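Novice: Submitted below is the structure of interest, expressed as structure tokens.
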Amino acid sequence: MGTVRRVVSLVPSLTEAVAATAPELLAGATDWCVHPAGLDVPRVRGTKNPDVARIAALAPDLVLANEEENRPADLAALRAAGLAVLVTEVRTLPQAFTELDRVLTAGCGLPRPAWLDEAEEVWRSLRPAFDTTAVVPVWRRPWMVLGRDTFAGDVLARLGVRNAYAGHPERYPRVGIAELNEPGRAGLAVLPDEPYRFTAADGPEAFPRLPAALVSGRHLTWYGPTLAEAPAVLSAALAAAVPAAPPR
């Protein structure tokens, strides 16, 4: 790949990562790319319905995508239009750091940013502050939860919160609310504000026997500059619902 001067990002996390490192590269982003605040770039619709013609017209040197966020058919259409597409896979925290380095240094030709080193050090020095098992809904009507092999599940595990459905064969299984509330299944409900926006008035009432932690979905599911502050932000939200475990 030659010199990269124009990048279109189809992943909010990667948009924020590029904007924090070399904002002049961003030639376009999705409607869901809302960080950093005030990002002023052309929009190319959503992650699941990107405007391929609009992206091609922006003439990017590189399009950034993710195997979970973006559909294979859309990525194939972008490649058919002659565009270079870099597709990331992020299912664990170490993968997130590896892929961010690949996107920024190998993909965009940038020096490794200091914020990435700082985020890695924050997580490297982290000790789990909790010792509990949680159900982690990501949608309602129907109820869907974190299952196996997810980035958010790995983040929570490193904080000491085990995912009750980590062994499920599906990554985002549909599970009835009666099953989620079965005695002994979990000691906590973790309710993020994205992709479904759980709030104090919409979510906790469905788990009458469990403490509910309302957490920032961005800090739980985004991989980018937020990784440096995610342990503190998430730990504060979890501590408001359950006590921290004794130091190990």
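The values are calculated or read from the model by the stated rules, or taken from the named source; none is laboratory data. Every value quoted in this text rests on a predicted model; they were computed, and no experiment measured them. In this analysis, Cβ positions are derived from the backbone assuming ideal geometry, glycine residues included, and neighbour counts consider all displayed protein chains.
Novice: Of these, V90, V122, which one is over 20 Å from P23 (Cα atoms), touching a residue at least 24 places away in the same chain (Cβ under 8 Å) and buried (at least 19 other Cβ atoms within 10 Å of the Cβ)?
Specialist: V90
Novice: One residue is enough: does segment 116-124 have a residue meeting the conditions farther than 25 Å from R162 by Cα and not charged (D, E, K, R)?
Specialist: Going residue by residue through segment 116-124, those that are farther than 25 Å from R162 by Cα are 116-118.
Cutting the leftovers down to not charged (D, E, K, R) gives us 116.
Yes, some residue in segment 116-124 is farther than 25 Å from R162 by Cα and not charged (D, E, K, R).
Novice: While we're looking at this one, here's another question. Within segment 105-114, is there a residue that is out of contact with any Cys (no Cβ under 9 Å at 6 or more places or on another chain), assigned to a helix (DSSP H, G or I) and in contact (Cβ under 8 Å) with a residue 12 or more places away in the chain?
Specialist: Kept after step one, since they are out of contact with any Cys (no Cβ under 9 Å at 6 or more places or on another chain), are these residues of segment 105-114: 105-114.
Imposing the further condition that a residue be assigned to a helix (DSSP H, G or I) reduces the set to 105-107, 114.
Within this subset, residues satisfying the condition of being in contact (Cβ under 8 Å) with a residue 12 or more places away in the chain are 107.
Looking through segment 105-114, at least one residue is out of contact with any Cys (no Cβ under 9 Å at 6 or more places or on another chain), assigned to a helix (DSSP H, G or I) and in contact (Cβ under 8 Å) with a residue 12 or more places away in the chain.
Novice: Here is a check on your reading of the model: is T105 in contact with a Lys or Arg (Cβ under 9 Å, 6 or more places away or on another chain), surrounded by fewer than 22 Cβ atoms within 10 Å (Cβ to Cβ), at pLDDT 95 or above and not assigned by TED's automatic domain parsing to the domain that holds E170? First the steps, then the outcome.
Specialist: Working: in contact with a Lys or Arg (Cβ under 9 Å, 6 or more places away or on another chain): yes; surrounded by fewer than 22 Cβ atoms within 10 Å (Cβ to Cβ): yes; at pLDDT 95 or above: yes; not assigned by TED's automatic domain parsing to the domain that holds E170: yes.
For T105, the condition - in contact with a Lys or Arg (Cβ under 9 Å, 6 or more places away or on another chain), surrounded by fewer than 22 Cβ atoms within 10 Å (Cβ to Cβ), at pLDDT 95 or above and not assigned by TED's automatic domain parsing to the domain that holds E170 - is met.
Novice: Please work out if P137 is crowded, with 16+ Cβ neighbours inside 10 Å and closer than 30 Å to P183 by Cα.
Specialist: Working: crowded, with 16+ Cβ neighbours inside 10 Å: yes; closer than 30 Å to P183 by Cα: yes.
Judged against the criteria, P137 is a match.
Novice: For segment 56-70, enumerate the residues that are within 22 Å of L100 (Cα to Cα) and surrounded by 14 or more Cβ atoms within 10 Å (Cβ to Cβ).
Specialist: So the first thing to find is which residues in segment 56-70 are within 22 Å of L100 (Cα to Cα), and the list is 60-70.
P60, D61, L62, V63, L64, A65, N66, E68, E69, N70, listed by residue number.
Novice: Just for segment 150-203: of the residues that are more than 17 Å from the chain's Cα centre (by Cα) and of a type in the set (S, T, Y), which one is surrounded by the most Cβ atoms within 10 Å (Cβ to Cβ)?
Specialist: Y165
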